[in-house]
1. I'd like the mean, over residues of A:148-160, of how many other protein chain beta carbons sit within 10 Å of each residue's own Cβ.
2. Using a 10 Å cut-off around each Cβ of peptide B:11-23, what is the average number of partner chain Cβ atoms that fall inside?
3. Determine, from the Cβ-Cβ distance of A:Q66 and A:T215 and an R0 of 56 Å, the FRET efficiency 1/(1 + (r/R0)^6), rounded to the nearest 0.05.
4. Once the cut-off is 21 Å, how many percent of the Cα-Cα pairs in the range B:7-75 end up in the long-distance tail?
5. Counting only other chains, what is the mean number of Cβ atoms within 10 angstrom of the Cβ of each residue in peptide A:51-60?
6. Restricting to DSSP H runs of at least four residues, report the calculated mean residue ellipticity at 222 nm for chain B, -39500 (n - 2.57) per run over all residues, nearest 500 deg cm²/dmol.
7. Round to the nearest 0.05 the FRET efficiency obtained for A:D225 and B:E138 when R0 = 56 Å and r is the Cβ-Cβ distance.
8. When chain B is modelled as a GNM with alpha-carbon springs shorter than 10 Å, which of B:K65, B:K30, B:K171 fluctuates the most?
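A short reminder: the numbers here are calculations on the coordinates, not readings from a lab. Please read these numbers as outputs of a predicted model, since none were measured by experiment. With ideal geometry, Cβ positions are generated from the backbone for all residues, glycine too; neighbour counts draw on all protein chains shown.
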There are 2 protein chains.
Amino acid sequence: MKEGPDIALIASLIGDPARANMLTAMMDGKAYTATELAAEAGITQQTASTHLKKLETGGLILQRKQGRHRYFALSDDQVGNLLESMMGLAAARGHVRTRTGPKDPALRRARVCYDHMAGELAVSLLDSLIGRDLIVSEGEDLSLTDSGGAYFSRFGIDLDSLNTSRRPVCKSCLDWSMRRSHLAGGLGKAVLDHTYAAGWARRVDGTRIVEFTRTGETAFRKAFDLI
Amino acid sequence: MKEGPDIALIASLIGDPARANMLTAMMDGKAYTATELAAEAGITQQTASTHLKKLETGGLILQRKQGRHRYFALSDDQVGNLLESMMGLAAARGHVRTRTGPKDPALRRARVCYDHMAGELAVSLLDSLIGRDLIVSEGEDLSLTDSGGAYFSRFGIDLDSLNTSRRPVCKSCLDWSMRRSHLAGGLGKAVLDHTYAAGWARRVDGTRIVEFTRTGETAFRKAFDLI
DNA sequence: ACAATGCTTCGGCTAGCATCGAAGTATGAA
DNA sequence: TTCATACTTCGATGCTAGCCGAAGCATTGT
C-alpha cells in the first residue's frame, strides 16, 4: 500500500470508453441529460445511469435535478483541464481513434460535423474539388476559384448570400477519423443542405450518421465527379 | 463512435492500481528495473513485465537496455505533469489512500516532481518570482522576463542552453498537496539541480522527499528572497 | 386518475483482463 | 561451456465490470 492521492481511482473512471465519451461531451461546459449522454456514448439509458453514478461518486461530475430531467456537468474546470491534458498526451502519442466504437462504421463513412459533412465521403469530395481547381488550398485556408463559383451555381447554391455573411465560405476542417481535411464553412453547409434536399441522404435520428441511399450515393458521386 | 484523441486508452493504462503504483514510483524521474517496480506494486515479476509492456506500447514509459538489466522511466515530463494533475484532482476530491505516515509532512514540504521540485517551498518560490516580475504568468503559461533572465544568471544557470532545447524553459505544474502551481520546465529542473549542487538539500533514498538541511533551507530562502 | 417521460435499480449474462506458475530467451560471470 | 541472473512469453484461471432486459420510482401533463 502506498500513501498519497489515489490516481488509479480517477484514471479508471476515465478509462472506460463509454465514460470517456460522456466526459468528452461535457467538456464544452454544458450540462446534458442522461439520455443525451447515453446516445453520445452509444449505450442504453440504464447503462449510462450506472456510469453517471460512478462518475458522480468519484467527484468528476455534478448532478442538477430540474423537473423530471437530471442534468449532468463536469464538477469544475479542474476536471476539464485534466481531460484536456490527457487529450494532449494521447494526441502526442498518436492515440487517435480511427477505429469506431461498438457498432458504427457508418460514422466513418459520412457524418455531421457541426453543420457540414465529415467522414470518408467528405474527404473524397474535397480531394476531388481541389484536383479540378474548383477550390484552391493555401495552407489551412481554402478559397473558391471562378470556375468553382460557376460549378456550385449549377446546384442552385446561392454564393452571393454566402459571401455577404460574415462566415467564411470555404474552410477546411480536420477529420479525426481520416486525419485529412474536409470542406467546412458556408459552402460546406450548403453542400450538406443540398444533399438532404436532393434526397440523397438523411440524418439517422439520435446519431451523427449521414445515411445515403444506394441511388443517393451514386447521384452524389456523379454530381461531384467522385471516382 | 467519436473521433479524436483516445483518452480512454491513456486513462485505462493509468487506471490499474499496479500500473499506477509503478508510474508513481517513476515520478521522481529516475529509471527503475522491472524487479524494483514489481516490488513497488506488490506483484510478481511476470505480471509487472506485461504491465510495463503495455505502458511502453501506450507511450507512457521508455525502456533502456543496459546489460541484463532493463530500466524503465517516464517518457517525458508531459507524462509526469499529467500524473501530478491527477494527484491534484484525486486529493481535491478526497480520494487519498490515507496511511499518513511520518513521511507525509516532509513530502508536502518539498518533493521531486519528475525532474523539478514540488511542495510548499516550490509553490512559495514561484509566488515570489511572479511577485517580483521575474516571471510573468499568462494563464497556464509562464515566461521569463528580461530581469528574470539576469536574475537566474546570477546562480550560474545557463539560460542559453535551456533556450536551445525544445523543452519550454518555464512551465507551470499543478501541485497536488497545495493545489497551486509551481515551477516546472527546463528552469524548474535547473533550480533543483542548483539546490542539490549547492548542498542545500538531498534526496531521501527510496522516496520523493527533498530534505533540506537547516542551513540549506535558510540559504535557499535567502537566495530566492522567500519570506 | 391515468398515461407518458426520464431516470434508476435489479438480475443475470458475458467478455476482458489481471494474475500467477511454468517454460523460454538473453546477458554476464565462473 | 555451464551456471546464474534478469526479464519475457505462454497457458490457464478466476474475478471484475460492463452490458442489456425488465421492473420500479418520480415527475409532468391531460
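1. For peptide A:148-160, the averaged partner shielding equals 0.
2. 6
3. For R0 = 56 Å, the calculated efficiency reads 0.80.
4. Of the Cα pairs, 12 percent sit more than 21 Å apart.
5. Mean inter-chain Cβ contacts per residue within 10 Å come to 1.
6. One gets -14500 deg cm²/dmol as the mean residue ellipticity at 222 nm.
7. Here the calculated transfer efficiency is 0.70.
8. Highest fluctuation of the listed residues: B:K65.
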